[in-house]
Structures are given as structure tokens and as C-alpha cells.
Amino acid sequence: EAIRLNVAAMAVQVFIGGKYETQSVHNMTRLVDLGNRYGIPVLGVTAVGKDMARDATYMRLASRIVAELGVTYVKTYYVPKDFDTVVASCPVPIVIAGGKKLPELEALTMAYNAIQDGAAGVDMGRNIFQSEAPVAMIKALRKVVHEKAKPKEAYDLFLSEKNKMKSKKS
């Protein structure tokens, strides 16, 4: 199906330390094998159960496990304290999850801090599509990730782009 759809990558959640750890690891390794066979990268998503700690110790362990089992890159939560150690312990690139909806400046600040701590990028959903101006938010995030812009500079771009869009609608 992935080949038919001409996907750029496939993703799988892995519940390290959770009730479905074994099944999710099996799912991931099968997907990694198929991805390797057909040249399709696999993103391992470190899923955290509701009763589990979202700290650097867990993120280091979960990220390292999925990387060692063959994923091309890892998606995990950004933890402000010691995230650089999460990146340092993982042999493949890490992108951060956007998490819950944040005000735009806070989301841009989180992305900036993650990049400064060594993340390769961000994988945000609701912080973009639930934004007041999703296209402006994508442009601002791009500036943070690819141009290393500081959060305030990216937020100013967000506001400028948002205002341009309002003007066009008027």
C-alpha cells in the first residue's frame, strides 16, 4: 500500500514500557524490514502511556531502543530538561512531537529550544492546523527549523503573514 501511494516514509508508534510494548516492537521491526526491502524510511514514534513519566530518562531509553531496532529516525516528546542527552544517546535523527495545542509563540519557542538542543526537526499537527493562521505558522516554524531564527523573530513573521492573509480576505 505504501508503494502504491508513493509515500515518502512510514511511521509506527512503539510503546516502550507500556502494556503493548511487545506487540508494538514486533509491528515496528516488521515495518522496518519492509521499509528496508523497498527503500522506504521508517519513523519510530515513542508513544508514552498516560501513567508513564515524560522525562529525559524515558525519552533516552525509548528513542535508543527504537533506533537500535532499525528505524530511520525517531519522533519523541521534547522535554526541556536534558533533551540534549536524549539527542546525544540516539544514533539516528530525532524530530519532536508538537504535543498539545500551545499559543503560537510558545510552540515556536519549544521548536527553537529543541533545535538548539540537537533535534533535527519538528513534526507538529495541532500546533499548525489549530493555529489562527496555519500557513503563517508553517512559515514561522520553517524559519526556526531551517534558518535558526529565534522565537520572537519567527513570531513576528507569523503575525506579519497572518495580517497579510486577513488583508487579502477583506
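Some notes on this structure:
- Of residues in region 129-149 being closer than 14 Å to Glu106 by Cβ and of a type outside the set (S, T, N, Q), the one surrounded by the fewest Cβ atoms within 10 Å (Cβ to Cβ): Glu132
- Val7 being in contact with a helix residue (DSSP H, G or I) (Cβ under 9 Å, 6 or more places away or on another chain) and either free of Cβ contacts under 8 Å to residues at least 40 places away in the same chain or of a type outside the set (Asp, Glu) (or both): no
- Of all residue pairs spaced 6 or more apart or on separate chains, those with beta-carbon atoms under 8 Å, a first member in region 126-138 that is within 19 Å of Asn163 (Cβ to Cβ) and a second member that is acidic (Asp, Glu) and crowded, with 16+ Cβ neighbours inside 10 Å are Ser131/Glu104; Glu132/Glu104; Ala133/Glu161; Val135/Glu161; Ala136/Glu161; Met137/Glu104.
- Selection status of Lys150, farther than 21 Å from Pro41 by Cα and of a type outside the set (Ser, Thr, Tyr): yes
Each reported figure results from applying straightforward, stated rules to the coordinates on display, with no laboratory input. Treat the numbers as computed from the prediction; the structure is a model and nothing was measured. Cβ atoms come from the backbone with ideal geometry, glycine included; neighbour counts cover every protein chain shown.
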